Amino acid sequence: MTALTPTDDDAAVPSSRAPRPGLWPLLAVHAGLFAGGAVALSLDPPAQGWGVLAVVAAYVVALLLTTRATGQADLHALAGFLVLVSLFQVLPDWVLADVVGTLAFPDRGGPRFDDVIPLAMMLMWVAPLFIALALSGGSAARAALLAGLVFAGAEVLAPTLGLWEPVGDTTRVVGVAVYVVPAEVALGWAAATAFALVRHRPLAVRAGAALAVSTFYLGALVLAHFVIDVADWTITT
């Protein structure tokens with residue numbers, strides 16, 4: 001069983017320092033995600049959108065079953081919590097796309113909320129957050145750094161893959177809207193911290209914490225967008 005190693009200043013998440021039974025099955029689950037994703041993205045719309053939804057749903061089920069079957073209670077609990085977080089993550093994306101106007105989701109088929117955001121996005125956050133937090137070694141600070149790296153890679157690839165793309169007047173580097181990177185770093189820290197606090201609490205408490213993580217992330221997005229892209233920092237009299 002993977003150990004939890006809390007430190008004085010960091011929240012505890014599953015530690016990468018302890019031996020991990022069932023590592024190969026977990027690697028197989030993630031290899032299956034990438035392979036299935038490649039197949040789904042090779043399809044033409046509308047089959048592509050349905051394929052992406054099927055792949056991310058199958059990944060989440062496989063992740064939960066694999067961590068449970070291999071006796072990795074820490075990782076199973078982490079995966080369950082991140083599913084809750086991912087369900088709520090559709091809300092920040094929806095606000096960016098429908099209110100702030102800095103994000104767009106091309107219609108590749110499949111169900112969408114208000115014809116704005118694909119239903120698949122409700123599960124698409126599990127994999128990057130699981131990778132970042134599971135590899136963080138019990139440190140919320142490392143979880144933040146790893147989340148920033150994982151999500152930065154995803155932001156670079158997403159427009160090419162047709163998953164999402166930045167729009168509007170935003171500062172960009174290699175096609176990535178800069179304001180999202182510090183917010184995604186903050187998301188990694190918040191998810192790790194919240195999981196450490198509520199892991200053993202009832203489902204309602206964990207769901208509330210997951211919503212709080214997404215709300216915190218939305219605030220970080222809006223604040224970063226304002227600081228980087230909106231405020232001109234002049235003083236007038």
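The values are calculated or read from the model by the stated rules, or taken from the named source; none is laboratory data. Source: prediction; values computed, not measured. All Cβ positions, glycine included, derive from the backbone under ideal geometry; neighbour counts span all protein chains shown. With ligands, DNA and RNA removed, areas are computed over all heavy atoms of the protein, side chains included. Shrake-Rupley method; radii C 1.70, N 1.55, O 1.52, S 1.80 Å.
Over the chain, what lengths in whole Å, largest first, do the semi-axes of the equivalent ellipsoid take, defined as the square roots of 5 times the eigenvalues of the alpha-carbon gyration tensor? All intermediate terms of the calculation are to be shown ahead of the outcome.
Details: eigenvalues 163, 112, 46 Å².
With the √(5λ) rule applied to the chain, the semi-axes are 29, 24, 15 Å.
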For an R0 of 22 angstrom, estimate the FRET efficiency from the Cβ-Cβ distance between Leu27 and Ala141 and round to the nearest 0.05. 0.30
Given backbone amide H placed at 1.01 Å from N, residues whose amide H is under 5 Å from that of Phe105, ignoring those fewer than 5 places away on the same chain, are none
Per the rule of 0.36 nm per residue minus the C-alpha distance, extending Asp169 to Asp107 adds in nm 20.2 nm
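Return the FRET efficiency for the residue pair Asp115, Thr237: r is the Cβ-Cβ distance, R0 is 41 Å, and the value is rounded to the nearest 0.05. Working shown, then result.
Values: r = 46 Å, r/R0 = 1.13.
Calculated value: 0.30.
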May I ask you to compute the full-extension gain from Val95 to Val156, defined as 0.36 nm times their residue separation minus their alpha-carbon distance, rounded to one decimal in nm? 19.9 nm
Ranked output for segments 55-61, 114-120, 28-34 by mean other Cβ atoms within 10 Å, highest leading, reads 55-61, 114-120, 28-34
Could you work out, for segment 56-143, what percent of all Cα-Cα pairs fall into each 5 Å distance bin, beginning at 0 Å and stopping at the bin that holds the largest distance? 3, 14, 21, 20, 16, 12, 9, 5, 1
So how do 147-154, 90-97 stack up, highest first, on mean other-Cβ count within 10 Å? 90-97, 147-154
If you count, for each residue, the other Cβ atoms within 10 Å and average over each peptide, how do 127-133, 174-180 line up from highest to lowest? 127-133, 174-180
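What ranking of Arg206, Arg201, Arg172 comes out by heavy-atom accessible area, probe 1.4 Å, highest first?
Details: Arg206 65, Arg201 125, Arg172 100 Å².
Sorted by accessible area, descending: Arg201, Arg172, Arg206.
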